[in-house]
Amino acid sequence: MFSPASHRWTSAALAAAALVLAGPSPSRADSYPRQPGVDVRAYTFHLELQDGTSAISGEADIDVAFTAGGVRQLALDLAGPSPDGKTGMTVSQVTSGGAPLHWAQEGNRLLIDLGAPPAAGDHRLMTVRYAGTPADGLIVGTNRDGDRVFFGDNFPDRARQWLPTIDHPHDKAACEFDVTAPEAYQVVAPGALVETSSLSGGRRLTRYREDVPITTYCMVIGVARFAVETIGQVGGAPVQSWVYASERDPGFADFRVALSPMQLYSWKIGPYAYEKLANVQSKTRYGGMENSSAIFYAERAVTGKGLNRNLFAHEIAHQWFGDSVTESDWDDTWLSEGFATYLTHVYNEFTFGRDTMVRGLRRDRDAIIRYFTTHPHDAVVTPADAALDNILSINSYQKGGWALHMLRRQVGDEAFFKGLSAYYARFRGGNARTGDFRRVMEEVSGQGLQAFFEQWVYTPGQPALRGDWSYADGVLTVRLEQVQAEHVVFTAPLDVAIVTDPAAAPRVETVRLGARTQTFTFHVDRDVHDVTLDPNTWLLADFGPFVRRGR
Ligand SMILES: [Zn+2]
């Protein structure tokens with residue numbers, strides 16, 4: 001995602017959000033009540049949409065596998081009717097194999113009595129019939145051009161507002177949408193288009209099937225008058241632009257930038273996971289939302305000026321990390337957002353050169369240091385709060401990205417990209433935790449990385465460096481001090497650039513930070529003109545004054 005009003009991405013928006021949320025927030029572990037022994041394999045959602053009402057009617061076929069015996073009750077997430085009865089979903093029937101089951105709606109849960117408990121290894125097809133007006137999750141309204149549109153917007157846990165699901169990223173499933181809507185509209189959804197049929201009464205049925213397991217927060221539909229163009233193929237998957245029909249020309253022009261990040265990530269990380277990629281102009285609340293194979297971009301992403309390269313690079317990176325390899329717990333959101341943030345820098349590096357990447361990394365580093373002043377107790381992996389308000393933060397985005405950048409230096413370019421590929425290959429279509437990623441990187445690099453992850457991913461903060469340098473009698477002396485208030489002393493490589501001739505490239509030496517105060521000496525046979533720290537932008541640190549001493 002690019003963050004709210006730019007969802008799940010811009011630094012500026014996140015920095016603004018950080019100010020509003022100032023102060024350490026109480027943190028808890030992921031509070032989602034998991035159900036042991038239950039694993040949804042596939043959903044088929046039959047939905048009927050109409051003009052003249054925001055109400056929907058639906059039938060969900062849910063293929064549930066039982067991984068343990070003795071399960072008597074299945075709890076699905078589904079928003080119940082609101083107290084005034086105006087919004088929410090009302091269930092009318094639950095069946096399995098044609099036989100009715102006992103069920104009850106309690107708040108945002110649908111509790112289904114399974115009768116005789118299934119044996120381990122069994123699976124059952126349950127059908128839930130329901131109807132109502134979504135309070136959230138499915139946006140029904142008009143777009144900025146005044147045309148009627150319907151857009152799913154599920155992140156992080158709003159699928160339950162219109163779809164009965166196990167609404168948590170740990171339970172991924174295949175998904176089919178069978179959407180009946182007025183024939184003036186086109187429908188886009190995850191997966192492959194498998195049917196379009198004209199129905200009576202000016203309606204059309206459109207079916208999409210996604211056979212690759214995806215998270216519920218990516219199970220969405222977009223229904224509108226679209227202009228649709230295929231801009232190319234990557235690894236056999238068509239790359240399509242879906243923009244409002246009223247914005248066809250500027251939309252098509254802007255959305256053509258999607259091809260190059262698709263090509264880069266396919267090459268550097270591994271084959272694209274899905275049947276197609278649709279880049280869709282939408283009403284998402286976020287700047288962009290990375291729904292699997294159907295990315296929804298804010299409608300203002302269409303400017304006609306091609307201004308949104310980073311947005312496309314970010315959302316498309318999520319198709320690999322976040323969508324195909326999904327964090328199994330909200331605490332590990334950086335496995336999605338930090339990766340998309342860093343791959344956007346990598347995209348800029350490969351497309352425009354290292355200087356462009358460095359400008360982005362420095363902007364991110366400044367944001368991280370500012371955010372730390374108001375959130376000194378939060379690390380990259382921080383327990384999600386109950387409302388999931390803290391999962392999208394400078395830590396999960398920018399600091400997660402910086403952790404990957406420093407890991408790249410730690411293991412080297414070759415092992416880093418090999419490791420990303422191996423991690424993707426191993427967890428493709430599934431879930432992972434931070435420890436899974438660490439173990440893959442350790443295997444590929446041959447290095448123990450426990451201490452690295454402990455310091456940069458699980459510990460709040462970064463070194464605050466101050467110091468000075470002096471030169472006399474052929475010896476350069478560099479004194480450095482870590483002045484951060486916490487008790488943590490950071491261990492990291494630091495490059496020192498020694499300039500003897502301003503017209504020539506500096507000599508770069510690498511020292512190892514590892515104590516509160518350290519002194520390093522270098523033999524230099526010419527007068528030293530200047531000394532700078534971290535000339536190649538590899539260290540996340542709050543660089544304070546570093547001056548020439550004496551003289
Ligand atoms: Zn994102």
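The values are calculated or read from the model by the stated rules, or taken from the named source; none is laboratory data. Because the structure is predicted, anything quoted here is derived from the model rather than measured. Quick reminder, even Gly has a Cβ in these numbers, built from the backbone with ideal geometry, and neighbours come from all protein chains shown.
Give just the number: which of (1) part of a helix (DSSP H, G or I); (2) within 30 Å of E275 (Cβ to Cβ) does T326 not satisfy?
With (1) part of a helix (DSSP H, G or I); (2) within 30 Å of E275 (Cβ to Cβ) applied to T326, the lone miss is (1).
Looking at segment 330-340, is at least one residue charged (D, E, K, R), assigned to a helix (DSSP H, G or I) and within 16 Å of the ligand (Cβ to nearest atom)? Spell out how you get there, then give the answer.
Going through segment 330-340, the residues charged (D, E, K, R) turn out to be 331-332, 337.
With the extra rule that they be assigned to a helix (DSSP H, G or I), the set shrinks to 331-332, 337.
Applying the additional criterion that residues be within 16 Å of the ligand (Cβ to nearest atom) yields 332, 337.
Taking every residue of segment 330-340 in turn, at least one turns out to be charged (D, E, K, R), assigned to a helix (DSSP H, G or I) and within 16 Å of the ligand (Cβ to nearest atom).
Only residues that are within 15 Å of the ligand (Cβ to nearest atom) and either within 13 Å of A432 (Cβ to Cβ) or in a loop (DSSP other than H, G, I, E, B) (or both): list them for segment 289-314, please.
E290, N291, S292, N308
To keep it simple, each residue is scored yes or no on (1) at pLDDT below 95; (2) more than 30 Å from S241 (Cα to Cα); (3) in the same structural domain as N154 (by TED's automatic domain parsing).
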{"residue": "D323", "(1), (2), (3)": "no, no, no"}
{"residue": "G353", "(1), (2), (3)": "no, no, no"}
{"residue": "I369", "(1), (2), (3)": "no, yes, no"}
{"residue": "L388", "(1), (2), (3)": "yes, yes, no"}
{"residue": "K399", "(1), (2), (3)": "no, yes, no"}
{"residue": "A403", "(1), (2), (3)": "no, yes, no"}
{"residue": "L407", "(1), (2), (3)": "no, yes, no"}
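Out of A379, A317, A387, report the one residue that is within 16 Å of the ligand (Cβ to nearest atom), at negative phi and of a type in the set (G, A, S). Break it down into steps so the answer makes sense when it comes.
On the way: A379 fails: within 16 Å of the ligand (Cβ to nearest atom); A387 fails: within 16 Å of the ligand (Cβ to nearest atom).
Testing whether each residue is within 16 Å of the ligand (Cβ to nearest atom), at negative phi and of a type in the set (G, A, S) leaves just A317.
Identify all residues within segment 324-366 that are closer than 14 Å to Q398 by Cβ, among the polar types (S, T, N, Q) and in contact with a Leu (Cβ under 8 Å, 6 or more places away or on another chain); write none if there are none. Give the steps one after another, and end with the answer.
Applying the first criterion (closer than 14 Å to Q398 by Cβ) to segment 324-366 yields 333-334, 336-345, 357, 359-366.
From what's left, among the polar types (S, T, N, Q): 333, 336, 341, 344.
Across segment 324-366, the qualifying residue is only T333.
Return a yes/no flag: does segment 129-147 have any residue that is buried (at least 20 other Cβ atoms within 10 Å of the Cβ) and under 20 Å from D39 (Cα atoms).
Looking through segment 129-147, none of the residues is buried (at least 20 other Cβ atoms within 10 Å of the Cβ) and under 20 Å from D39 (Cα atoms).
Confirm whether F416 is at pLDDT 95 or above, in contact with a Lys or Arg (Cβ under 7 Å, 6 or more places away or on another chain), over 16 Å from R365 (Cα atoms) and surrounded by 18 or more Cβ atoms within 10 Å (Cβ to Cβ). Please lay out each step first, then the result.
Details: at pLDDT 95 or above: yes; in contact with a Lys or Arg (Cβ under 7 Å, 6 or more places away or on another chain): yes; over 16 Å from R365 (Cα atoms): yes; surrounded by 18 or more Cβ atoms within 10 Å (Cβ to Cβ): yes.
Taking the combined requirement at face value, the residue satisfies it.
For segment 401-478, please list each of the helices (runs of 4 or more DSSP H) lying entirely inside it that holds at least 3 residues being hydroxyl-bearing (S, T, Y). Can you show your working first?
Details: elements: 413-427, 434-445, 450-453.
Hits in segment 401-478: 413-427.
Scan segment 243-267 for residues that are surrounded by 24 or more Cβ atoms within 10 Å (Cβ to Cβ) and among the aromatic types (F, W, Y) and jot them down.
F255, Y265
Please go through segment 208-226 and pick out each residue that is more than 14 Å from K276 (Cβ to Cβ) and either outside the structural domain of G251 (by TED's automatic domain parsing) or assigned to a strand (DSSP E or B) (or both).
P213, V223, A224, F226
Take K268 and decide whether it is more than 17 Å from the chain's Cα centre (by Cα) and in the same structural domain as G236 (by TED's automatic domain parsing). Write out each step before concluding.
On the way: more than 17 Å from the chain's Cα centre (by Cα): yes; in the same structural domain as G236 (by TED's automatic domain parsing): no.
Spelling it out, it is not the case that K268 is more than 17 Å from the chain's Cα centre (by Cα) and in the same structural domain as G236 (by TED's automatic domain parsing).
Only one of these is under 33 Å from the mean Cα position of the chain (by Cα), of a type outside the set (D, E, K, R) and outside the structural domain of P164 (by TED's automatic domain parsing): P81, P33. Name it.
Details: P81 fails: outside the structural domain of P164 (by TED's automatic domain parsing).
So the residue among P81, P33 that is under 33 Å from the mean Cα position of the chain (by Cα), of a type outside the set (D, E, K, R) and outside the structural domain of P164 (by TED's automatic domain parsing) is P33.
Restricting to segment 443-476, name every residue that is closer than 22 Å to D530 by Cβ, among the hydroxyl-bearing types (S, T, Y) and surrounded by fewer than 20 Cβ atoms within 10 Å (Cβ to Cβ).
Within segment 443-476, just S470 meets the criteria.
Going by what's in this entry, would A472 be described as within 25 Å of M357 (Cβ to Cβ), among the small types (G, A, S) and out of contact with any His (no Cβ under 7 Å at 6 or more places or on another chain)? Break it down stepwise before answering.
Values: within 25 Å of M357 (Cβ to Cβ): no; among the small types (G, A, S): yes; out of contact with any His (no Cβ under 7 Å at 6 or more places or on another chain): yes.
Judged against the criteria, A472 is not a match.
If the requirement is being at pLDDT 95 or above, of a type outside the set (F, W, Y) and in a strand (DSSP E or B), which of these qualifies: S266, S246, S241? Walk me through it before giving the result.
Values: S266 fails: in a strand (DSSP E or B); S246 fails: in a strand (DSSP E or B).
One residue alone meets the criteria, S241.
Anything in segment 202-233 that is among the hydrophobic types (A, V, I, L, M, F, W, C), more than 22 Å from I166 (Cα to Cα) and surrounded by fewer than 21 Cβ atoms within 10 Å (Cβ to Cβ)? List them, or say none.
If we filter segment 202-233 for residues that are among the hydrophobic types (A, V, I, L, M, F, W, C), which is where we start, we get 205, 212, 214, 218-221, 223-224, 226-228, 231.
Add one more test, that the residue is more than 22 Å from I166 (Cα to Cα), and what stays is 205, 223-224, 226-228, 231.
L205, A227, V228, I231, listed by residue number.
Name the one entry in R256, R285, R309, R300 that is farther than 24 Å from V187 by Cβ and basic (K, R). Write out each step before concluding.
Details: R256 fails: farther than 24 Å from V187 by Cβ; R285 fails: farther than 24 Å from V187 by Cβ; R300 fails: farther than 24 Å from V187 by Cβ.
Going through R256, R285, R309, R300 in turn, just one is farther than 24 Å from V187 by Cβ and basic (K, R): R309.
Condition first: of a type in the set (G, A, S) and part of a helix (DSSP H, G or I). Now tell me which residues in segment 356-400 satisfy that. Working first, answer last.
Looking only at segment 356-400, we keep the residues that are of a type in the set (G, A, S), and these are 360, 367, 379, 384, 386-387, 393, 396, 400.
Those that are of a type in the set (G, A, S) and part of a helix (DSSP H, G or I): G360, A367, S396, G400.
Against the conditions (1) crowded, with 22+ Cβ neighbours inside 10 Å; (2) free of Cβ contacts under 8 Å to residues at least 40 places away in the same chain, where does D378 fall short? Just the number, please.
If we test D378 against (1) crowded, with 22+ Cβ neighbours inside 10 Å; (2) free of Cβ contacts under 8 Å to residues at least 40 places away in the same chain, just (2) comes out false.
Would you confirm, using the coordinates I've provided, whether G322 is at positive phi and more than 11 Å from the ligand (Cβ to nearest atom)?
On the way: at positive phi: yes; more than 11 Å from the ligand (Cβ to nearest atom): no.
For G322, the condition - at positive phi and more than 11 Å from the ligand (Cβ to nearest atom) - is not met.
Kindly provide the set of residues from segment 190-208 that are touching a Lys or Arg at 6+ places or on another chain (Cβ under 8 Å) and either farther than 18 Å from V220 by Cα or among the aromatic types (F, W, Y) (or both), ordered by number.
First, pick out the residues of segment 190-208 that are touching a Lys or Arg at 6+ places or on another chain (Cβ under 8 Å): 191-198.
Hits for segment 190-208 are S197, S198.
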